[in-house]
Amino acid sequence: MASVVVVLNAGSSSLKFKLFEDCGDAEPRLVLQGAIEGVGGPARFAVRDTANNVLDEGVVAESAVSHEDALLHLVGWLTRHKDGHTLVAVGHRVVHGGDLYAGPVRVDDAVLSSLHALAPLAPLHQPHNLKPIEAIQRRMPDLPQIACFDTAFHRTQPEIAQMFALPRSFWDQGVKRYGFHGLSYQYIASALGQYEPRLVPGRVIVAHLGNGASLCALKQGQSIATTMGFSALDGVPMGTRCGAIDPAVIFHMLRSMKLGPEEAERVLYTQSGLLGVSGLSNDMRKLRANEATNACARQAIDLFIYRITREIGALMAILGGLDALIFTAGIGENDVATRAEIIANLGWTGLAVDAVANQAGRPLISMGTGPTAWIIPTNEELVIARQVRDVLRSAQSQSKHSGSVAAGGTT
Ligand code: ADP
């Protein structure tokens, strides 16, 4: 009977999942994928095969569906469609591992309470990520659950890259730059060699441009700097998030504009970025469709590109140059014009777009003798499946040696 692992990515109103077959030392193999959307209301679910064909879809319930209901629906579906598989573990995407976790960890009561303690650092994400962990712990306490963190990959950064110029006591209380999208960057770092072996030891900047967007400087495949900081609000503008702003703007919002803290937070997270500047949409496809006739849509794109260009310059200064620029995530993988505009702004580095390759979405989209530019589709769920495999494997080998089962890689 094949062993399978479920990878869960729980957001505020959705539960995305992928099922992987454990293939021993080989790469975990995707079996199926899907999502329950609209949690909190009458949620819908859809399951797709690896080629994205719908296998099953429907309504979970007409009434309000809780996160636990959504999870139970998924577990029920998987149980009915077992197909000779045995579920051996669940891997969870968890946004914040703080300073505690520089790698994946098997969840027990102590780990769970440490992850709850980090919730104030990511109040909009962490509680949702932890809900399915708790629900599974209640219903299937013996099923191993592995937490995999968006922050962990950045723990290789030098201390100075993680510091704010605040009084030292703030650092001691965890006020530092953690960085996010680490599972995506880890995937890209692991894939570089398949595209061009010379990239692996090189000076690489990865532009993860989705609804959330950030950039990461990789040296020898390790994160040395990234644009998101204490929260996933920092760095470049995003679909609905503002990116870095002068913090005094927030005092102004609170004092002079009389916004409450929650209202100010809502503005910065959900009403800013591409949506806020365009007044039209957070969706790059819609902005591109309207850029010729709608000046605000065009300016939102211009600001996005401008800020990304500036951040690339800053990361190049830290890397001491640039060997390759990688585009990934929804916009990075699909938006031909965004890639072309960013590369054009970087012409001074010797980077030159190969327009035909860029239009065709080929992996290598640059030409000439300067730095290279690439499209590499990200795969965060595969990184989680690999991490689950590694944690289970190391627990097995430790229990062989000591007769006990140990938790995974904390620092
Ligand atoms: P998330 O951060 O939610 O995972 P995604 O990585 O799915 O986000 O990226 C969503 C963004 O990608 C949206 O702005 C969407 O418009 C953009 N996008 C997706 N497909 C295309 C496309 N074919 N052309 C341009 N933009 C696209």
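The values are calculated or read from the model by the stated rules, or taken from the named source; none is laboratory data. Fair warning: this is a prediction, and the values are worked out from it, not measured in the lab. Here Cβ is always computed from backbone atoms with ideal geometry, including for glycine, and neighbour counts include all displayed protein chains. The accessibility values were calculated without ligands, DNA or RNA, using every heavy atom of the protein model including side chains. Shrake-Rupley method; radii C 1.70, N 1.55, O 1.52, S 1.80 Å.
Worth a mention:
- Of all residues in the stretch 272-304, exactly one satisfies the criterion of being open to solvent by 60 Å² or more (accessible area, probe 1.4 Å) and in contact with a Ser or Thr (Cβ under 6 Å, 6 or more places away or on another chain), namely 296.
- Scan of the stretch 282-302 for residues that are in contact with a helix residue (DSSP H, G or I) (Cβ under 6 Å, 6 or more places away or on another chain), within 15 Å of the ligand (Cβ to nearest atom) and not small (Gly, Ala, Ser), ordered by number: 282, 284, 287, 290, 291, 301
- Any chance residue 337 is assigned to a helix (DSSP H, G or I), within 16 Å of the ligand (Cβ to nearest atom) and under 19 Å from residue 208 (Cα atoms): yes
- When 368, 313, 330 are screened for being open to solvent by 30 Å² or more (accessible area, probe 1.4 Å) and assigned to a helix (DSSP H, G or I), only 330 passes.
- Listed by position, the helices (runs of 4 or more DSSP H) enclosed by the stretch 83-168 that each have at least 3 residues that are crowded, with 19+ Cβ neighbours inside 10 Å are 126-139.
- Pair list, Cβ under 6 Å, 6 or more apart: the stretch 240-261 residue within 21 Å of residue 311 (Cα to Cα) and open to solvent by 40 Å² or more (accessible area, probe 1.4 Å), other residue not in a loop (DSSP other than H, G, I, E, B) and not polar (S, T, N, Q): 241/269; 241/273
- Failed item, numbered, when residue 40 is tested on (1) closer than 19 Å to residue 127 by Cβ; (2) at pLDDT below 95; (3) surrounded by 15 or more Cβ atoms within 10 Å (Cβ to Cβ); (4) not hydroxyl-bearing (Ser, Thr, Tyr): (3)
- Within the stretch 371-381, the set of residues being touching a residue at least 60 places away in the same chain (Cβ under 8 Å) and assigned to a loop (DSSP other than H, G, I, E, B) comprises 376, 378, 379.
- Checking residue 307 against (1) in a helix (DSSP H, G or I); (2) open to solvent by 20 Å² or more (accessible area, probe 1.4 Å); (3) away from the ligand (no atom under 16 Å from the Cβ), the condition it does not meet: (3)
- Selection of the stretch 175-226 for residues being more than 16 Å from the ligand (Cβ to nearest atom), in a loop (DSSP other than H, G, I, E, B) and in contact with a helix residue (DSSP H, G or I) (Cβ under 7 Å, 6 or more places away or on another chain) yields 176, 177, 178, 200, 221.
- Any chance residue 229 is within 30 Å of residue 288 (Cβ to Cβ) and within 16 Å of the ligand (Cβ to nearest atom): no
- For first residues located in the stretch 321-341 and farther than 18 Å from residue 198 by Cβ, partners that are more than 8 Å from the ligand (Cβ to nearest atom) and aromatic (Phe, Trp, Tyr) and lie 6+ apart or on another chain with Cβ distances below 6 Å form the pairs 339/327.
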